[in-house]
Amino acid sequence: MAKFFIHRPIFAIVIALIIVIVGTLAGFSLPIAQYPQISPPTVSVSASYTGASAAVVNETVAQVIEEQINGTQGMDYMSSTSDDTGRYSLSVTFDVGTDGDMDAVKVQNNAAGANASLPSAVQSAGVTTRKSSGQMAYFVSMYSEDGRYDRAFMKNYATLYFLDAIKRISGVGDVQVFGADYAMRVWLNPDRLAELGLTVADVTAAIKEQNVQAPAGTVGGMPVENGQEKQFTGKVQGRLTTPEEFGNVIIASGKDGSFVRLKDVARIETGQRNNNIVAKFNGYPAVGFGIQLTSDANAMITLAEVRKVLAEAEKTFPPGLKMKSVFDSTDYINASIKEVVHTFVEALLLVVLVIFVFLQSWRATIIPLLAVPVSLIGTFGTFVLLDFSINTLTLFAMVLAIGLVVDDAIVVIENVEHHMESGLSPVDATERAMAEVQGPVVAIAFVLAAVFVPVAFLGGMMGVLYKQFALTIAIAMALSAFVALTLTPALCAMMLKPKKESHSEGVLDRFFAWFNRVFDRTRKGYVGIVSRFIRKARTAVVFLLIVCGLTAIIYRNLPSTFVPDEDQGYLMIAIQLPSGTSTNQTQKVVDKIQQAAQKEIKGQSAVMSINGFDILAGGANSNGAVVFVGMKDWSQRPGMGESVAAAVGTMFRVGAMEAPEATVVAINPPALPGLGNVGGWSLQLQDMSGHSDTELNDIVNAVLAEARTRPEL
């Protein structure tokens with residue numbers, strides 16, 4: 001095979017060019033991500049039972065829906081949250097590798113079976129099913145520095161002008177809005193109702209009956225007399241829109257012809273639908289928007305489209321209304337990919353430098369410099385067939401592959417030069433060299449394939465991570481072996497020339513002479529040490545055992561983790577007060593923590609607080625809150641004191657000092673995208689013995705008390 005290409009170098013070069021072109025085209029079309037697609041498909045189900053407590057929602061909504069959804073084909077597990085605002089949310093997680101769209105259809109079909117058993121208020125509001133990862137990949141705040149716009153206006157403005165456009169973007173699973181809609185608020189006077197013998201149900205029924213959009217039909221429509229010349233569509237007043245119109249709704253009538261109107265028993269005004277969520281951005285009233293992606297979304301492309309929509313919408317904002325990103329997960333992805341690319345280039349340059357220093361020939365150096373990129377770039381071409389992405393793992397595998405790939409070219413070049421020193425021509429030397437090394441080159445490729453390919457068959461989330469890493473190296477080595485048998489010998493026969501005796505004393509000649517002397521002395525010293533160890537085999541074995549023992553000790557003492565936590569450019573501060581704490585009291589603590597974060601955290605760029613949202617529990621609670629802290633770009637905070645890890649430590653200390661009555665926990669985002677809202681690990685207690693909520697709460701507190709005694713927590 002090698003002899004064929006030695007005498008047909010143009011054919012070998014054309015094949016190499018085809019490999020490079022295919023790999024280049026594939027590289028520009030491949031998605032870019034931080035990690036391979038490892039998050040399992042997740043389907044969220046949500047419902048609302050206005051006015052119901054968490055216990056009522058659990059009994060009348062959660063149990064009914066979950067009974068139907070449980071056991072859906074391919075489902076791994078599900079978890080739900082019911083809160084005192086009447087909201088219910090269910091997250092159904094499926095096995096890795098299943099089709100997320102089909103999973104959503106299955107959940108939707110099963111959830112439909114629960115509709116007949118749900119309360120009428122829940123049926124009217126509807127049960128929503130959508131494909132979503134549950135983690136916020138992008139968080140943006142809308143705020144007003146001069147206070148001319150309230151939260152209801154900002155939420156309504158977003159709904160009218162850009163929220164629908166964001167939800168239509170492919171890859172967006174959901175938009176979690178931290179703000180309330182405009183609503184007509186009716187404040188009933190219970191004493192007046194009792195005096196008139198009316199109930200809340202009477203008022204509700206009257207409003208529903210009279211606040212309708214009634215069709216008026218047409219006038220002059222067919223069938224009519226032949227002489228009819230005009231036809232009109234009837235238009236009547238539809239739904240009520242102002243407090244005055246609602247005030248005239250008739251609640252009851254007396255026998256004397258008198259009427260009881262809504263304004264007689266209530267105060268009516270427009271305002272927020274509820275005040276359970278209070279958001280602030282850097283201390284200003286705000287509304288927050290958390291963009292959640294689907295589990296199979298390309299974050300880079302999806303969030304680029306989201307930013308484009310927001311940028312267009314921001315151009316038409318009224319004066320005084322502003323928008324700013326709190327955190328963007330793609331910033332970290334871009335920074336990670338950039339660092340790996342830098343490492344890739346540095347490794348390639350170092351390899352070229354080492355080759356030049358040891359081979360001491362520009363011609364010999366150029367050959368691997370031409371051959372190695374063919375193998376690496378060609379690897380991208382196989383990514384399309386394998387549905388891989390350009391991520392930190394595949395690029396890291398390419399970095400490691402540089403050292404392996406270049407070996408094939410060096411083996412061929414060194415052997416060719418060895419035979420040329422015997423007086424053979426470049427072509428004859430290449431033929432003899434390839435006859436000797438083509439077997440070992442193929443054997444090395446098979447050995448490495450035997451090491452890495454089996455890793456691709458690992459299952460689960462870990463298998464997905466290792467699969468792309470292992471196959472990238474295996475494919476690069478296979479292409480390297482092919483290039484070593486085709487392009488490399490052809491280039492050797494074309495470019496290598498017999499070395500001539502040179503009596504010049506140039507800078508490179510003096511450097512090479514010095515390097516060869518140092519290298520020869522080092523080699524002789526190494527040979528001497530090895531010779532002594534050979535004569536004293538027992539000492540060598542003891543030394544080896546000592547090294548193995550030290551390695552085992554270090555391995556046992558090193559911290560272990562699935563994926564290490566890193567500085568992703570933002571952190572979260574979870575705040576929890578005792579159960580039953582009012583929103584006002586929680587807000588006082590939130591204001592302290594937000595001000596402390598703005599003052600104490602070095603390198604922060606934005607601080608967004610959301611009172612009423614418990615990020616650890618995943619629902620709305622009056623005693624819970626969260627503060628998102630966005631950090632400046634990594635280039636603007638080079639010191640360790642400005643890292644996210646330092647900020648986490650600072651807020652643990654500040655939280656204990658500023659709010660001793662609350663539990664303040666500063667946390668990293670999850671290390672792997674799509675696996676929850678926060679980093680670290682979580683423990684859930686499941687009641688299998690019929691304990692009451694109070695008893696279960698006591699058990700939880702006992703577990704927490706014991707956990708706090710652990711030094712590692």
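The values are calculated or read from the model by the stated rules, or taken from the named source; none is laboratory data. Just so it is clear, the structure is predicted and the values come from calculations on it, not from any experiment. So basically every Cβ, Gly included, is an ideal-geometry build from the backbone, and we count neighbours across all protein chains shown.
I want to confirm something. Restricting to the stretch 192-225 and keeping residues that are aliphatic (A, V, I, L, M) and in a loop (DSSP other than H, G, I, E, B), which single residue is surrounded by the most Cβ atoms within 10 Å (Cβ to Cβ)?
Let us first name the residues in the stretch 192-225 that are aliphatic (A, V, I, L, M), namely 193-194, 196, 198, 200-201, 203, 205-207, 212, 214, 216, 219, 222, 224.
Subsequent filtering for residues that are in a loop (DSSP other than H, G, I, E, B) retains 198, 212, 214, 216, 222, 224.
Working: 198: 18, 212: 11, 214: 10, 216: 12, 222: 7, 224: 11.
Looking at residues that are aliphatic (A, V, I, L, M) and in a loop (DSSP other than H, G, I, E, B), I get 198.
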Query raised in the report: Which residues, counting only those in the stretch 335-371, are surrounded by 14 or more Cβ atoms within 10 Å (Cβ to Cβ) and without any contact (Cβ under 8 Å) to a residue 40 or more places away in the chain?
Result: 352, 354, 356, 358, 365, 369
Report task. Go through the stretch 583-602 and count every residue that is in contact with a Gly (Cβ under 8 Å, 6 or more places away or on another chain) and not in a helix (DSSP H, G or I). Result -> 1
Requested in this report: For the stretch 497-518, state whether one or more residues are within 24 Å of residue 358 (Cβ to Cβ), of a type in the set (S, T, N, Q) and not in a helix (DSSP H, G or I).
Outcome: yes
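Do you know which of the residues in the stretch 460-483 that are among the small types (Gly, Ala, Ser) and modelled with pLDDT of 90 or more is farthest from residue 437 (Cα to Cα)?
Of all residues in the stretch 460-483, those among the small types (Gly, Ala, Ser) come to 460, 463, 470, 474, 476, 478, 480-481.
Remaining after also requiring modelled with pLDDT of 90 or more: 470, 474, 476, 478, 480-481.
Numbers: 470: 25, 474: 20, 476: 19, 478: 16, 480: 14, 481: 11 Å.
Only one residue fits best here, namely 470.
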Query raised in the report: Can you tell me which residues in the stretch 622-650 are at pLDDT below 90, out of contact with any Leu (no Cβ under 7 Å at 6 or more places or on another chain) and under 30 Å from residue 82 (Cβ atoms)?
Result: 622, 624
Report task. Return yes when residue 388 is more than 19 Å from residue 36 (Cα to Cα) and of a type in the set (Phe, Trp, Tyr) and no when it is not. Result -> no
Report task. With the condition kept exactly as written, say whether any residue in the stretch 145-152 is outside the structural domain of residue 616 (by TED's automatic domain parsing) and touching a helix residue (DSSP H, G or I) at 6+ places or on another chain (Cβ under 7 Å). Result -> no
Requested in this report: Return the residue satisfying two criteria in turn: it lies in the stretch 243-257 and is free of Cβ contacts under 8 Å to residues at least 12 places away in the same chain and part of a loop (DSSP other than H, G, I, E, B), and of such residues it is nearest to residue 183 (Cα to Cα).
Outcome: 254
Report task. Please go through the stretch 297-321 and pick out each residue that is touching an Asp or Glu at 6+ places or on another chain (Cβ under 7 Å) and surrounded by fewer than 16 Cβ atoms within 10 Å (Cβ to Cβ). Result -> 320
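Let's see how each residue does on (1) at pLDDT below 90; (2) in a strand (DSSP E or B); (3) among the aromatic types (Phe, Trp, Tyr):
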| site | (1), (2), (3) |
| --- | --- |
| 63 | no, no, no |
| 67 | no, no, no |
| 81 | yes, yes, no |
| 93 | yes, yes, no |
| 98 | yes, no, no |
| 123 | yes, no, no |
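Would you check which residues across the stretch 532-575 are out of contact with any Phe, Trp or Tyr (no Cβ under 9 Å at 6 or more places or on another chain), polar (S, T, N, Q) and modelled with pLDDT under 90 and list them?
If we filter the stretch 532-575 for residues that are out of contact with any Phe, Trp or Tyr (no Cβ under 9 Å at 6 or more places or on another chain), which is where we start, we get 532, 534-538, 541-542, 544-562, 564-565, 574-575.
Then keep just the ones that are polar (S, T, N, Q); that gives 551, 557, 560-561.
Those that are out of contact with any Phe, Trp or Tyr (no Cβ under 9 Å at 6 or more places or on another chain), polar (S, T, N, Q) and modelled with pLDDT under 90: 557, 560, 561.
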**Report entry** Filter result for the condition that a residue is loosely packed, with under 14 Cβ neighbours inside 10 Å and either under 30 Å from residue 324 (Cα atoms) or basic (Lys, Arg) (or both), over 164, 174
**Finding:** 164
